[in-house]
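*Asks:* Encoded as structure tokens, here's the structure I'll be asking about.
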Amino acid sequence: MGKLDGKKVAILVTDGFEQVEMTKPREALEEAGAETKIVSPKSGQIQGMNHGDKGDKFNVDVSLDAARPEEFDALMMPGGLMNPDELRAAPDALEFTKHFFREGKPVAAICHAPWVLIDAGVVRGRKLTSWEHIQTDVKNAGGNWVNQEVVVDNGLVTSRKPGDIPAFNKKMIEEFCEGKHARQAQFAGAELET
């Protein structure tokens, strides 16, 4: 019996994601009993990266235009440089992300993925971490950036880089297991109403 049996997790991702930041958390979620679905603005396949080199291709389970965020219990967002940069420019990806915050559902984001959270308007007043090079973006968006391997803030789990994945996975599973966090929705409320 897995801790996350019966939970459905969306993995929001597109071309250029850091492969290990998707595959390792996905494995951990599935080992804990969750059903995961790759949700992407692209259909067909998406391209993983191993730093600057092309990695493997992965099948998209649900195209973003067909995805219904209310069908998912939690959201996981891998990093990489190109992936979150593409997602933050996609209004439907931002709207999909905002749903989880409005509903108080847990969200896990690693590396550059907080870029998407910034553009979704959900970091103000939150404590989080990210890839070090985007800390100024986090701070400018009103987030309290800290340099720790994993940060948990009322249902939001963030980590900095691939080396943090073991700690990220552990806290992600804990938060996803807890389910909805009322404070997550409260933090998002004022920001998302505008």
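*Asks:* Working carefully through the options LEU29, LEU87, find the one that is in contact (Cβ under 8 Å) with a residue 24 or more places away in the chain, in contact with a Ser or Thr (Cβ under 8 Å, 6 or more places away or on another chain) and under 17 Å from VAL157 (Cβ atoms).
*Replies:* LEU29
*Asks:* Any residue at all in segment 65-84 that is polar (S, T, N, Q) and over 15 Å from the mean Cα position of the chain (by Cα)?
*Replies:* Within segment 65-84, none of the residues are polar (S, T, N, Q) and over 15 Å from the mean Cα position of the chain (by Cα).
*Asks:* Of the residues ALA188, ALA167, only one is at pLDDT below 95 and either in contact with a helix residue (DSSP H, G or I) (Cβ under 9 Å, 6 or more places away or on another chain) or assigned to a helix (DSSP H, G or I) (or both); which?
*Replies:* ALA188
*Asks:* So which strands (runs of 3 or more DSSP E) are wholly in segment 1-69 and hold at least 2 residues that are buried (at least 19 other Cβ atoms within 10 Å of the Cβ)?
*Replies:* In segment 1-69, 8-12, 35-40, 45-50 are the strands (runs of 3 or more DSSP E) which contain 2 or more residues that are buried (at least 19 other Cβ atoms within 10 Å of the Cβ).
*Asks:* Quick one: how many residues across segment 94-118 are acidic (Asp, Glu) and in a helix (DSSP H, G or I)?
*Replies:* Of the residues in that region, 1 qualify.
*Asks:* For ALA141, all conditions in the list (1) closer than 17 Å to ILE46 by Cβ; (2) surrounded by fewer than 24 Cβ atoms within 10 Å (Cβ to Cβ); (3) of a type in the set (Gly, Ala, Ser) hold save one; what is the number of the exception?
*Replies:* Here ALA141 meets the rest and fails (1).
*Asks:* Filtering segment 119-160 down to residues that are in a strand (DSSP E or B) and farther than 20 Å from PHE96 by Cβ, which residue is nearest to the chain's Cα centre (by Cα)?
*Replies:* First, the residues of segment 119-160 that are in a strand (DSSP E or B): 127-128, 144-145, 150-153, 156-159.
Next cut, farther than 20 Å from PHE96 by Cβ only: 127, 144-145, 150-153, 159.
Values: LYS127: 15, ASN144: 18, TRP145: 17, VAL150: 13, VAL151: 13, VAL152: 13, ASP153: 14, SER159: 10 Å.
Result: SER159.
*Asks:* A further question follows. Which residues, counting only those in segment 76-93, are surrounded by fewer than 24 Cβ atoms within 10 Å (Cβ to Cβ) and outside any helix (DSSP H, G or I)?
*Replies:* Of all residues in segment 76-93, those surrounded by fewer than 24 Cβ atoms within 10 Å (Cβ to Cβ) come to 81-82, 85-86, 88-92.
Hits for segment 76-93 are LEU81, ARG88, ALA89, ALA90.
*Asks:* Determine whether segment 97-113 contains at least one residue that is in contact (Cβ under 8 Å) with a residue 60 or more places away in the chain, surrounded by fewer than 24 Cβ atoms within 10 Å (Cβ to Cβ) and over 16 Å from ARG183 (Cβ atoms).
*Replies:* Scanning segment 97-113, I find at least one residue that is in contact (Cβ under 8 Å) with a residue 60 or more places away in the chain, surrounded by fewer than 24 Cβ atoms within 10 Å (Cβ to Cβ) and over 16 Å from ARG183 (Cβ atoms), so the answer is yes.
The values are calculated or read from the model by the stated rules, or taken from the named source; none is laboratory data. Since the structure is predicted, the reported quantities are computational estimates derived from the model, not experimental observations. FYI the Cβ positions are ideal-geometry reconstructions off the backbone, even for glycines, and counts take in every protein chain you see.
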